[in-house]
Amino acid sequence: MNTTLQDAIKEAFAIAPTAKAVIHTLEIRQTGVQNPIYISQTRTGVIAFDENHVEHTFVACGFQFTLPPSDEDGFKSLNIAVDNVNRIASDFIETAKTEKVPVEIIYRPYLSDDLSAPQMIPPLILYLKDVQVTSFQVTGKCTFMDLVNKKFPSILYLRSVFPSLG
């Protein structure tokens, strides 16, 4: 058994099948405002099924993401950059800025030989914040919770439900 991470990664690459590849996909959606965008990190688009067995066509588009650092800070965010191919991402963001509905980023990894379901169920759902648009790419930070749009208090205190109020 390997004791270092470097040896473990070498072992995983040595025994990994060469006929399979991981396909990273993103769904960018703003519920009730505009149609979602489905993109994949492939040279050509792919047709795959989500965790609810709904078929989606993922368009080939470059994107990158970096995981948050491991430190003692309480707030964690994931950095994301999507290529601005045909201005699809920037047009989506420009429309999204006019509404108060949060933009969700849903990450689903697939295997190249099995597009019937993602390899991570449930998928990772993040909320897009701090967006910057350039002519080449759209960058932003994704958080795990949408605290800005959360109601506070989350329940309404009524006398019918809480009779001791008065």
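The values are calculated or read from the model by the stated rules, or taken from the named source; none is laboratory data. Quantities reported herein were computed from a predicted structural model and do not represent experimental measurements. Positions of Cβ are backbone-derived with ideal geometry, glycine not excepted, and every protein chain shown enters the neighbour counts. Accessible surface is based on the protein model in full, side chains and every heavy atom, while ligands, DNA and RNA are left aside. Shrake-Rupley method; radii C 1.70, N 1.55, O 1.52, S 1.80 Å.
Scanning the stretch 41-58 for residues that are closer than 17 Å to A21 by Cα and of a type outside the set (F, W, Y) yields Q41, T42, R43, T44, G45, V46, I47, A48.
Residues of the stretch 10-41 that are of a type in the set (A, V, I, L, M, F, W, C) and in a helix (DSSP H, G or I): A12, F13, A14, I15.
Within the set T57, T31, the sole residue that is within 16 Å of E104 (Cα to Cα), modelled with pLDDT of 75 or more and of a type in the set (S, T, Y) turns out to be T31. Reported count of residues in the stretch 115-136, each being of a type outside the set (A, V, I, L, M), touching a strand residue (DSSP E or B) at 6+ places or on another chain (Cβ under 9 Å) and either loosely packed, with under 14 Cβ neighbours inside 10 Å or on the phi > 0 side of the Ramachandran plot (or both), is 5. Pairs meeting the criteria (first residue in the stretch 76-99 and in contact (Cβ under 8 Å) with a residue 40 or more places away in the chain, second residue in a strand (DSSP E or B) and basic (K, R), beta carbons under 9 Å, at least 6 apart or on different chains) are S77/K129; S77/K141; L78/K141; N79/K141; I80/K141.
Scanning the stretch 34-62 for residues that are more than 21 Å from P122 (Cα to Cα) and either charged (D, E, K, R) or open to solvent by less than 90 Å² (accessible area, probe 1.4 Å) (or both) yields Q34, T42, R43, G45, V59, A60, C61, G62.
Taken as a whole, the structure places T95 among residues that are polar (S, T, N, Q), outside any strand (DSSP E or B), under 19 Å from Q137 (Cβ atoms) and open to solvent by 50 Å² or more (accessible area, probe 1.4 Å).
Of the set (1) in a loop (DSSP other than H, G, I, E, B); (2) charged (D, E, K, R); (3) crowded, with 17+ Cβ neighbours inside 10 Å, all apply to K100 but (3).
Quick grid of which residues meet (1) in contact with a helix residue (DSSP H, G or I) (Cβ under 6 Å, 6 or more places away or on another chain); (2) aliphatic (A, V, I, L, M):
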| residue | (1), (2) |
| --- | --- |
| T95 | no, no |
| M120 | no, yes |
| V131 | yes, yes |
| F136 | no, no |
